[in-house]
Amino acid sequence: MQELDPGIWTLEGDPIRFLSFPYELRSTIVDLGNGSLFVHSPVQLSIARRSIDAVGHVSYIVAPNKLHHLFLGEWAAAYPDAKLYAPPGLRDKRPDLQFFADLEDHAEPPWQSTLRQRVVRGSFFMEEVVFFHIASRTLILGDLVENHDPAKFGAIHRLGARANKMLAPNGSTPWNYRLTFLRRADARRSVEEILSWAPRRVVVMHGPCVEDNASQFLHNAFGWLL
């Protein structure tokens, strides 16, 4: 685990293949106080467990969107006391999982003093829940912005990633995802609220995180919408 600031860490998982691309995976872990941990988009449990257990107790597990569900089952089994929260669309996709509640536009009581959250609406394909760690001003994204490291791709995949607008250091909302936003006014309102939080750091799940010039990075990433 890498500590970004007091009470917030990232944890790297093993890459997986998605649409033939090797996707890096990243979880974000937040300390909610009293040893209670919030886990965002869990990676493979075998990689995470020792590091996680060393800093606290897993109490809440969230997925940012309906695509990031692969490892939820094993985490729920390993931490049966943890509450599982579903983003829009995932409860129907994974009826085998027992979700405690659905994620909405406002932070749930257990983390409302530590995190903000917002559902980015407007896509007919997938809505994503975005989180913001207040103390460190860290924005936590899922697939809304991808920022893949060119060095991780071969030549063909690198060309495809550049064409799809998802290659670092100029990561953005991939073109194939952008095309699903038919209600752009709804999406714009969501993104404008997120930008009003004035993040100083951006954690992305696919590719390098952004530690410098976060505001400029986000305005460029969402330029297609704003």
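Given the options Leu70, Leu4, Leu32, name the one that is within 25 Å of Arg118 (Cα to Cα) and without any contact (Cβ under 8 Å) to a residue 60 or more places away in the chain.
Answer to the selection: Leu70.
Quick check on my filter: what residues within region 150-164 are within 16 Å of Val204 (Cα to Cα) and either in a strand (DSSP E or B) or touching a residue at least 40 places away in the same chain (Cβ under 8 Å) (or both)?
Of everything in region 150-164, those that are within 16 Å of Val204 (Cα to Cα) and either in a strand (DSSP E or B) or touching a residue at least 40 places away in the same chain (Cβ under 8 Å) (or both) turn out to be Lys152, Ala161.
Counting just the residues of region 152-174 that are within 22 Å of the chain's Cα centre (by Cα) and of a type in the set (A, V, I, L, M), which one comes out nearest to Gly122 (Cα to Cα)?
This residue is Met166.
List pairs: first residue in region 174-201 and under 15 Å from Ile140 (Cα atoms), second residue surrounded by fewer than 16 Cβ atoms within 10 Å (Cβ to Cβ) anywhere in the structure, Cβ distance under 6 angstrom, at least six positions apart or on different chains.
From residues that are under 15 Å from Ile140 (Cα atoms), the pairs are Pro199/Arg137; Arg200/Arg137; Arg201/Glu211.
Can you work out which of the residues in region 135-165 that are hydrophobic (A, V, I, L, M, F, W, C) and under 19 Å from Ser27 (Cα atoms) is surrounded by the fewest Cβ atoms within 10 Å (Cβ to Cβ)?
Only one residue fits best here, namely Ala135.
Please enumerate the residues belonging to region 176-210 that are modelled with pLDDT of 95 or more, under 29 Å from Leu159 (Cβ atoms) and surrounded by fewer than 16 Cβ atoms within 10 Å (Cβ to Cβ).
Leu179, Thr180, Leu182, Arg184 - these are the residues of region 176-210 that are modelled with pLDDT of 95 or more, under 29 Å from Leu159 (Cβ atoms) and surrounded by fewer than 16 Cβ atoms within 10 Å (Cβ to Cβ).
Considering only residues that are closer than 24 Å to Val39 by Cα, among the aliphatic types (A, V, I, L, M) and not in a loop (DSSP other than H, G, I, E, B), which ones fall in region 188-226?
Val191, Ile194, Leu195, Val202, Val203, Val210, Ala214, Leu218
Does Lys83 satisfy the criteria of being of a type in the set (Lys, Arg), at pLDDT 95 or above and more than 29 Å from Pro174 (Cα to Cα)?
Here the answer is yes, as Lys83 does meet what is asked.
Does at least one position in region 107-117 carry a residue that is surrounded by 14 or more Cβ atoms within 10 Å (Cβ to Cβ) and either among the basic types (Lys, Arg) or in contact with a helix residue (DSSP H, G or I) (Cβ under 7 Å, 6 or more places away or on another chain) (or both)?
Yes, that holds for at least one residue.
Would you confirm whether any residue within region 130-145 is modelled with pLDDT of 95 or more, more than 15 Å from the chain's Cα centre (by Cα) and among the hydroxyl-bearing types (Ser, Thr, Tyr)?
yes
Name, by its number, the condition in (1) in contact with a strand residue (DSSP E or B) (Cβ under 8 Å, 6 or more places away or on another chain); (2) under 20 Å from His206 (Cβ atoms); (3) of a type in the set (Phe, Trp, Tyr) that does not hold for Tyr79.
Unmet for Tyr79, out of (1) in contact with a strand residue (DSSP E or B) (Cβ under 8 Å, 6 or more places away or on another chain); (2) under 20 Å from His206 (Cβ atoms); (3) of a type in the set (Phe, Trp, Tyr): (2).
If you check Glu12 against the conditions, is it acidic (Asp, Glu), on the phi < 0 side of the Ramachandran plot and crowded, with 19+ Cβ neighbours inside 10 Å?
No; evaluated as a whole, the condition is false for this residue.
When you go through Phe132, Phe99 one by one, which is the residue that is under 20 Å from Leu218 (Cα atoms), in contact with a Lys or Arg (Cβ under 7 Å, 6 or more places away or on another chain) and either small (Gly, Ala, Ser) or surrounded by 15 or more Cβ atoms within 10 Å (Cβ to Cβ) (or both)?
Answer to the selection: Phe132.
The values are calculated or read from the model by the stated rules, or taken from the named source; none is laboratory data. Small disclaimer: the values here were computed from a predicted structure and weren't measured. FYI the Cβ positions are ideal-geometry reconstructions off the backbone, even for glycines, and counts take in every protein chain you see.
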